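> Before I ask anything, here is the structure I am working with.
The values are calculated or read from the model by the stated rules, or taken from the named source; none is laboratory data. Keep in mind that this is a model prediction, so the values were computed, not measured. Here Cβ is always computed from backbone atoms with ideal geometry, including for glycine, and neighbour counts include all displayed protein chains. We work out accessible area using only protein heavy atoms, side chains counted, and drop any ligands, DNA or RNA first. Shrake-Rupley method; radii C 1.70, N 1.55, O 1.52, S 1.80 Å.
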Amino acid sequence: MTGCILIMQTIIISNNTVVDGRLAVIVFSGILGGPIAPILSSIIIGVFRIFAFDVSQFSIIAGMNTVVIGFVIGFLTIKNQMTFRNSAFYFTYAILQTTFVIGYLNNWTLLALNQIILFLIFSALSFSILYFILNQLSNLFTQIKQIEEMSRTDYLTGLYNNRKFQEHAQKLIDESPCFSLILLDVDHFKRVNDQYGHPIGDEVLKELSLRMKESAKAFNGIVSRNGGEEFSVLISNVSEKDSTNVADIIRKDVEKKEFLVSTGELLKITISCGISTFPDNGLVIHDLYKLADKALYHAKESGRNQVFHINKT
């Protein structure tokens, strides 16, 4: 639609030649919409160009030139995705082909040379302006996406944060017939921080997050860091027994391999787990979390490196 509007704002430089910003629109549509976008855009703009003014041999050639450019760019970008960086290459192709058409329509006279120069200047300006605007918008959207990502993930581990945990838990309450909440806590983590320092403690938490995420992947578990050294895993459609088995798998995956830290030392890390299950143990996340925390406390009091379901405490 932007290309059609630009055609209506065209600059007439001879009876059979007009210039506008349609080519830049077709090229940039490939960045925004993928390979199919230049093809669809060129068809719409090309047909519009044919009928926008008096239908003639020149308007038909100009419209078909637009369509051909869109199809060529579309097919070229199937394997080589268009970006802002390589968009100038595709625009250069469009300019060269159109330059040839202008020369052909004007029998390669001196007048044709003047028209080509005006066309090149106008096209370069339109491309530069659109490039600047769209590139700035793209950077802005990227920054917004990063901010949104930061608002839902933990800064250290990259896992979901407590806010996102609450959203996932509520969604499971609304949509899932049953699910289990596993709370996990690092055993004697204070000793790690006191003995090796907080930077080493952060390394342990990062590695721990990777292991838990990998272990929970097979069960479609949603892993979050709820604060400090406390983590959670939400697993849908599992029974009490199955959730206990899943938690024990995660616990064993953490225990079986020592943690190599940047000092070159190997640390033995274990976790304790507490579990509650919806809807048997509660209908709201607050109650489920409170009971899972109680089961976690029982696991720690019973010697740590253990898994307890609230029904077994």
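> Under the Kirkwood approximation applied to all pairs of distinct alpha-carbon atoms, what is the hydrodynamic radius of region 196-292 in Å?
Evaluated on region 196-292, it is 14.5 Å.
> Which semi-axis lengths, in whole Å and largest first, follow from the square roots of five times the eigenvalues of the Cα gyration tensor of the chain?
On the way: eigenvalues 837, 91, 41 Å².
Ellipsoid semi-axes (Å, largest first): 65, 21, 14.
> Counting only heavy atoms of the protein chains, get the accessible area per residue of region 239-299 (1.4 Å probe) and round it to a whole Å² value. Walk me through the numbers before you get to the answer.
On the way: 3180 Å² over 61 residues.
Ligands and nucleic acids excluded, the figure is 52 Å² per residue.
> Let me know the charge dipole size of the chain about its Cα centre in debye, to the nearest 20, where only the beta-carbon of Lys, Arg (+1) and Asp, Glu (-1) is charged.
460 debye
> Additional query: For PHE51 and LEU266, compute 0.36 nm times the residue count separating them, minus their Cα-Cα distance, and round to one decimal in nm.
69.9 nm
> Relative to the compact-globule scaling 2.2 N^0.38 Å, provide the ratio for the alpha-carbon radius of gyration of region 1-100.
Dividing the Cα radius of gyration by 2.2 N^0.38 Å gives 1.01.
> If you don't mind, another one. In whole percent, and with a 1.4 Å probe on the protein chains, what portion of the accessible area of region 172-313 is carbon and sulfur?
Carbon plus sulfur share of accessible area: 50 percent.
> Give me log10 I(q)/I(0) at q = 0.09 Å⁻¹ for region 31-149, Debye formula, one equal scatterer per alpha-carbon, no solvent.
Those come out to -0.31, one per q.
> Oh, and also: What spacing in nm lies between the two simple spin-label points modelled at LYS190 and LYS257, each 7 Å away from Cα in the Cβ direction?
Inter-label distance under the simple model: 3.0 nm.
> Please give the length that would be gained between ASP248 and SER302 if that part of the chain were fully extended, namely 0.36 nm times their separation in residues minus their C-alpha to C-alpha distance (nm, one decimal).
Extra length available between ASP248 and SER302 comes to 17.9 nm.
> Please check the chain for the longest run free of GluC sites (Glu not before Pro) that are loop-located per DSSP (anything but H, G, I, E, B) and have at most 14 other Cβ atoms within 10 Å.
1-257
> Quick one: with all protein chains in place, what share of the accessible area of region 1-155 is carbon or sulfur, to the nearest percent (1.4 Å probe)? Show your work: numbers first, answer last.
Working: 6340 of 9000 Å².
With neighbouring chains kept in place, the figure for region 1-155 is 70 percent.
> Normalise the Cα radius of gyration of region 138-182 by 2.2 N^0.38 Å (N = residues in it) and let me know the number.
With N residues counted in region 138-182, Rg over 2.2 N^0.38 Å equals 1.47.
> With every protein chain left in place, what is the accessible area per residue of region 129-178 in square angstrom, probe 1.4 Å? Let's see the in-between values first.
Values: 3560 Å² over 50 residues.
Normalised by residue count, the accessible surface of region 129-178 is 71 Å².
> Please find the FRET efficiency linking LYS145 to GLN81, where r is the Cβ-Cβ separation and R0 is fixed at 25 Å, and quote it to the nearest 0.05.
0.85
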